[in-house]
1. Look through the range B:228-274, keep the residues that are in a helix (DSSP H, G or I) and among the β-branched types (Val, Ile, Thr), and return whichever of them is farthest from residue B:147 (Cα to Cα).
2. What are the residues in the range A:79-95 that are part of a strand (DSSP E or B), touching a residue at least 60 places away in the same chain (Cβ under 8 Å) and among the hydroxyl-bearing types (Ser, Thr, Tyr), if any?
3. Just to verify a result, which residue in the range A:7-40, among those that are under 19 Å from residue A:62 (Cα atoms) and assigned to a strand (DSSP E or B), is farthest from the chain's Cα centre (by Cα)?
4. Being part of a loop (DSSP other than H, G, I, E, B), of a type outside the set (Gly, Ala, Ser) and under 20 Å from residue B:239 (Cβ atoms) is the filter here; which residues of the range B:113-162 pass it?
5. Name the one entry in A:244, A:217 that is at pLDDT 95 or above, over 11 Å from the mean Cα position of the chain (by Cα) and at the interface with another protein chain (Cβ under 10 Å from one of its Cβ atoms).
6. Give the residues of the range A:176-208 that are of a type in the set (A, V, I, L, M, F, W, C), in contact with a Lys or Arg (Cβ under 7 Å, 6 or more places away or on another chain) and either assigned to a loop (DSSP other than H, G, I, E, B) or within 8 Å of chain B (Cβ to nearest Cβ) (or both), sorted by residue number.
7. Please tell me if residue B:168 is assigned to a helix (DSSP H, G or I), farther than 28 Å from residue A:202 by Cβ and either more than 14 Å from every other protein chain (Cβ to nearest Cβ) or touching a residue at least 12 places away in the same chain (Cβ under 8 Å) (or both).
There are 2 protein chains.
Amino acid sequence: MSLLVVGSLALDSVETPQQVRDDVLGGSATYFSYAASYFTDVRLVGVVGDDWPAEHTEMLRSRNVDTAGMQVIAGGKTFRWRGKYLTDMNERETLELQLNVFGSFDPVVPESFRNSRFVFLANAAPKVQQRTLEQVERPQLIVADTMDLWIRETKDDLLQLLKHVDGLVLNDGEAKLLTHEENLIRAAEKILTLGPKFVVVKKGEHGALLYTEEGPFVLPAYPTGAVVDPTGAGDSFAGGMMGFLAHRNQADPQTLRQALVYGTIVASYNVEDFSLERMKGIEREDLDHRLALYRQMMIF
Amino acid sequence: MSLLVVGSLALDSVETPQQVRDDVLGGSATYFSYAASYFTDVRLVGVVGDDWPAEHTEMLRSRNVDTAGMQVIAGGKTFRWRGKYLTDMNERETLELQLNVFGSFDPVVPESFRNSRFVFLANAAPKVQQRTLEQVERPQLIVADTMDLWIRETKDDLLQLLKHVDGLVLNDGEAKLLTHEENLIRAAEKILTLGPKFVVVKKGEHGALLYTEEGPFVLPAYPTGAVVDPTGAGDSFAGGMMGFLAHRNQADPQTLRQALVYGTIVASYNVEDFSLERMKGIEREDLDHRLALYRQMMIF
């Protein structure tokens with residue numbers, strides 16, 4: 001089924017303990033779209049400046065990502081992030097953040113996208129996410145991402161948004177911050193009282209937790225010995241998850257579990273190289289192959 | 001089969017964000033023994049002072065823990081630890097450490113214990129662990145625990161010990177410290193080159209990793225909403241694991257996986273109350289019941 005994503009398109013500069021890359025393709029909607037494209041067509045809404053290389057748009061189109069919702073602001077500059085991963089790769093520092101055209105992003109959902117059945121609101125100000133919702137017709141499933149900044153600065157807006165979403169995806173620190181609960185299970189339970197029917201807590205190299213009215217589903221991360229660049233892990237996870245749900249056209253607890261597993265697998269590939277490079281080198285069959293290995297690693 | 005543990009017996013004072021307990025039963029060998037006692041008889045070697053309450057010894061005996069190897073030092077004081085857990089419960093501060101009689105612990109394995117088939121060397125100086133090994137006759141399986149202190153201060157002794165053990169149990173930070181590898185899979189691979197045939201990396205609330213020549217086995221922790229006191233989680237995990245292996249009288253990769261699962265389940269109970277209180281309230285059937293729930297939480 002149709003899958004819409006609204007989020008950032010960026011040019012990233014990334015420093016890891018081993019290597020450096022400048023001005024590579026990044027952004028939440030970019031990682032998400034590519035990851036989802038293994039499973040379904042994607043409709044993308046975002047904004048870039050006229051410094052945005054056309055080849056990135058072409059590459060996304062080649063993956064059946066419909067870029068009709070991409071605004072190009074003449075004279076504007078694309079969102080840029082520069083970051084540095086510390087030795088243990090779970091911690092990173094933002095060295096520079098230029099919101100540029102993303103700072104005044106006002107999403108416009110093209111007419112042809114308004115009937116999208118699956119909607120993912122990638123990380124953005126809750127009011128921006130809300131404006132997207134106002135432009136779509138009764139989707140079957142709405143899932144939102146968020147981050148600590150919005151929880152701290154615009155919590156009322158976020159709580160308002162949560163009343164209108166089916167699922168929330170966030171990391172463990174954010175779940176604790178949002179609920180003032182240090183225990184993740186209790187934090188997840190509390191989030192379900194705020195509106196969402198399910199919450200996905202991303203724990204990076206420690207896996208993920210899905211919480212629904214049926215209780216918890218827990219997953220370790222795929223244990224990879226080759227983490228090169230963690231950027232986009234959460235967004236590729238969400239893309240794999242939502243892509244699978246849209247492909248299967250349902251979001252019952254059992255399908256959600258499988259979707260989390262595919263998200264885990266896509267993310268495990270994504271971190272094996274900079275930008276989208278590793279994802280570009282694999283196909284759906286690779287995901288299924290690694291999923292089979294992963295299953296083996298958990299059998300007892 | 002016969003299971004021997006050599007380690008600390010302690011009186012702990014524990015402060016959590018909610019509650020405080022003074023002079024409660026603690027120590028690695030204590031938690032280990034109780035956890036293993038769900039599966040098998042245990043032979044305990046340790047040392048206490050004459051301040052040690054006799055009721056603790058009686059309680060262990062009531063669980064078929066043979067305390068013939070417990071030295072009571074007249075005029076000596078029992079090992080005492082005082083610690084405080086911070087808000088997120090994954091971090092703790094040691095407020096006071098009195099090694100007392102454990103500081104000069106020279107383990108003496110009673111004649112009747114020397115034929116033990118399964119041996120667990122709980123956390124102690126590698127030279128102390130080594131002295132235990134010199135007193136046992138060709139065990140079937142030797143597993144050692146260690147900690148950052150020994151890796152930093154007595155690494156040569158530890159490397160010497162590792163040549164003589166089948167398995168090593170340690171936490172993620174310690175695995176990285178020992179191998180200078182930030183990636184856990186690479187750290188685990190490196191540990192296998194040091195002697196052990198398997199390594200178990202404990203990640204607290206993030207689960208555990210088993211690495212053998214067959215590759216990784218990954219487990220999330222049992223998601224509990226009721227963490228009261230994490231003290232002894234690692235030791236009760238090891239006790240559940242070794243108890244199960246001794247009970248099954250084998251340690252092939254498949255049995256090791258099941259043993260890690262039982263370790264995970266015992267530890268998940270242990271953290272639900274102070275000291276050994278929660279473990280005292282459950283039986284083997286409770287472990288199997290929770291294991292069934294845990295399995296459900298991972299099915300996809």
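The values are calculated or read from the model by the stated rules, or taken from the named source; none is laboratory data. Just so we're clear, the structure is a prediction, and the values are computed from it rather than from any experiment. Every residue, glycine among them, receives a Cβ derived from its backbone with ideal geometry; neighbour counts consider all protein chains shown.
1. Step one: list which residues in the range B:228-274 are in a helix (DSSP H, G or I), which gives B:233-248, B:253-270.
Within this subset, residues satisfying the condition of being among the β-branched types (Val, Ile, Thr) are B:255, B:261, B:264-266.
Values: B:255: 25, B:261: 22, B:264: 19, B:265: 23, B:266: 21 Å.
Looking at residues that are in a helix (DSSP H, G or I) and among the β-branched types (Val, Ile, Thr), I get B:255.
2. The first filter runs over the range A:79-95 and keeps only residues part of a strand (DSSP E or B), leaving A:79-85, A:92-95.
Now drop any that are not touching a residue at least 60 places away in the same chain (Cβ under 8 Å), which leaves A:79-85, A:92, A:95.
Once the filter is applied, which keeps residues that are part of a strand (DSSP E or B), touching a residue at least 60 places away in the same chain (Cβ under 8 Å) and among the hydroxyl-bearing types (Ser, Thr, Tyr), the range A:79-95 yields only A:85.
3. Among those that are under 19 Å from residue A:62 (Cα atoms) and assigned to a strand (DSSP E or B), it is A:24.
4. Within the range B:113-162, the first condition is being part of a loop (DSSP other than H, G, I, E, B), and the residues that meet it are B:114-117, B:122-125, B:134-140, B:146-147, B:154.
Now restrict to residues that are of a type outside the set (Gly, Ala, Ser): B:114-115, B:117, B:123, B:134-140, B:146-147, B:154.
B:117, B:123, B:136, B:139, B:140, B:146, B:147, listed by residue number.
5. Numbers: A:244 fails: at the interface with another protein chain (Cβ under 10 Å from one of its Cβ atoms).
Answer to the check: A:217.
6. Applying the first criterion (of a type in the set (A, V, I, L, M, F, W, C)) to the range A:176-208 yields A:177-178, A:184-185, A:187-188, A:191-192, A:194, A:198-201, A:208.
Next, only the ones that are in contact with a Lys or Arg (Cβ under 7 Å, 6 or more places away or on another chain) stay: A:187, A:208.
If the condition is that a residue be of a type in the set (A, V, I, L, M, F, W, C), in contact with a Lys or Arg (Cβ under 7 Å, 6 or more places away or on another chain) and either assigned to a loop (DSSP other than H, G, I, E, B) or within 8 Å of chain B (Cβ to nearest Cβ) (or both), then no residue fits.
7. Numbers: assigned to a helix (DSSP H, G or I): no; farther than 28 Å from residue A:202 by Cβ: yes; either more than 14 Å from every other protein chain (Cβ to nearest Cβ) or touching a residue at least 12 places away in the same chain (Cβ under 8 Å) (or both): yes.
No: the conditions fail for residue B:168.
Residue-wise test of (1) touching a strand residue (DSSP E or B) at 6+ places or on another chain (Cβ under 9 Å); (2) touching a residue at least 40 places away in the same chain (Cβ under 8 Å); (3) within 27 Å of residue B:228 (Cα to Cα).
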site: B:35; (1), (2), (3): no, yes, yes
site: B:39; (1), (2), (3): yes, yes, yes
site: B:71; (1), (2), (3): yes, no, no
site: B:77; (1), (2), (3): yes, no, no
site: B:97; (1), (2), (3): yes, no, yes
site: B:107; (1), (2), (3): yes, yes, no
site: B:123; (1), (2), (3): yes, yes, yes
site: B:132; (1), (2), (3): yes, yes, no
site: B:137; (1), (2), (3): no, no, no
